Amino acid sequence: MDHRSFRRGFDSLAEIFAFTAEFFARHRVDAGLLPIVDFALEELFTNMVKYSPSGGAHVRIDMTTMPGGVEVTLTDYAVECFDVTQAPDANIDLPLEQRRPGGLGLHLIRRLVDSMDYEYSNVERRSRITFRKTTAGGRDPDTPTGEGGVGG
């Protein structure tokens, strides 16, 4: 497992992408998965920065290999609970002029990754999002991406 902490800010995205590229190269992970992993990380990290600006100074990212792919965990500190697995999907069937902004990133992530789980510690005010992506990752879009759990 490799991990690194990134300063809470949009300008950290380049460092995050360098970290994932290094990880994929060092562990010989299928490079075809990298754009999906980077997209999911960008969306989740950006949401953490945008919606919890007073959170901890850093967000930690852990990556580990698994058969056929990777598992990625983002840990955010000193934040309120927001279970991404329970957030409603964007209604993509509405005409554009009737849609509400937001939610499309999570909507796409749910369809691109194999699974996504959420854990929150009330005591530590720590939020943890874990997603998995494998080469076999043809997930049925009607299957939920994980259980949203709230820990104590």
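The values are calculated or read from the model by the stated rules, or taken from the named source; none is laboratory data. Note that the structure is a prediction, hence the values are computed from the model and not measured. Heads up, the Cβs are rebuilt from the backbone with ideal geometry, glycines too, and the neighbour counts pull from every protein chain shown.
I'd like to check something: does region 113-128 contain any residue that is at pLDDT below 90 and either closer than 28 Å to A31 by Cβ or not hydroxyl-bearing (S, T, Y) (or both)?
Checked region 113-128: no residue is at pLDDT below 90 and either closer than 28 Å to A31 by Cβ or not hydroxyl-bearing (S, T, Y) (or both).
Looking at the structure I just gave you, is V70 in a strand (DSSP E or B), within 30 Å of A25 (Cα to Cα) and at pLDDT 90 or above?
Here the answer is yes, as V70 does meet what is asked.
What single numbered condition from (1) more than 20 Å from I16 (Cα to Cα); (2) modelled with pLDDT under 85 fails to hold for L106?
Result: L106 fails condition (1) only.
In region 6-26, how many are in contact with a Ser or Thr (Cβ under 9 Å, 6 or more places away or on another chain) and surrounded by 13 or more Cβ atoms within 10 Å (Cβ to Cβ)?
4
In region 1-55, what count of residues is obtained for those that are touching an Asp or Glu at 6+ places or on another chain (Cβ under 6 Å) and closer than 18 Å to E80 by Cα?
The total comes to 2.
Determine whether R139 is part of a loop (DSSP other than H, G, I, E, B), basic (K, R) and either more than 12 Å from Q86 (Cα to Cα) or at pLDDT 95 or above (or both).
yes
Only one of (1) modelled with pLDDT of 95 or more; (2) within 16 Å of F131 (Cα to Cα); (3) among the hydroxyl-bearing types (S, T, Y) fails for T85. Which number is that?
Of everything listed in (1) modelled with pLDDT of 95 or more; (2) within 16 Å of F131 (Cα to Cα); (3) among the hydroxyl-bearing types (S, T, Y), T85 misses just condition (1).
May I ask you to verify whether A40 is in a helix (DSSP H, G or I), of a type in the set (A, V, I, L, M) and more than 14 Å from the chain's Cα centre (by Cα)?
Spelling it out, it is not the case that A40 is in a helix (DSSP H, G or I), of a type in the set (A, V, I, L, M) and more than 14 Å from the chain's Cα centre (by Cα).
Name the residue that is surrounded by the most Cβ atoms within 10 Å (Cβ to Cβ), counting only residues in region 27-59 that are closer than 18 Å to G105 by Cβ and among the acidic types (D, E).
Checked region 27-59; the qualifying residue surrounded by the most Cβ atoms within 10 Å (Cβ to Cβ) is E43.
Restricting to region 47-63, give me the number of residues that are under 19 Å from L112 (Cβ atoms) and modelled with pLDDT of 95 or more.
Of the residues in region 47-63, 2 are under 19 Å from L112 (Cβ atoms) and modelled with pLDDT of 95 or more.
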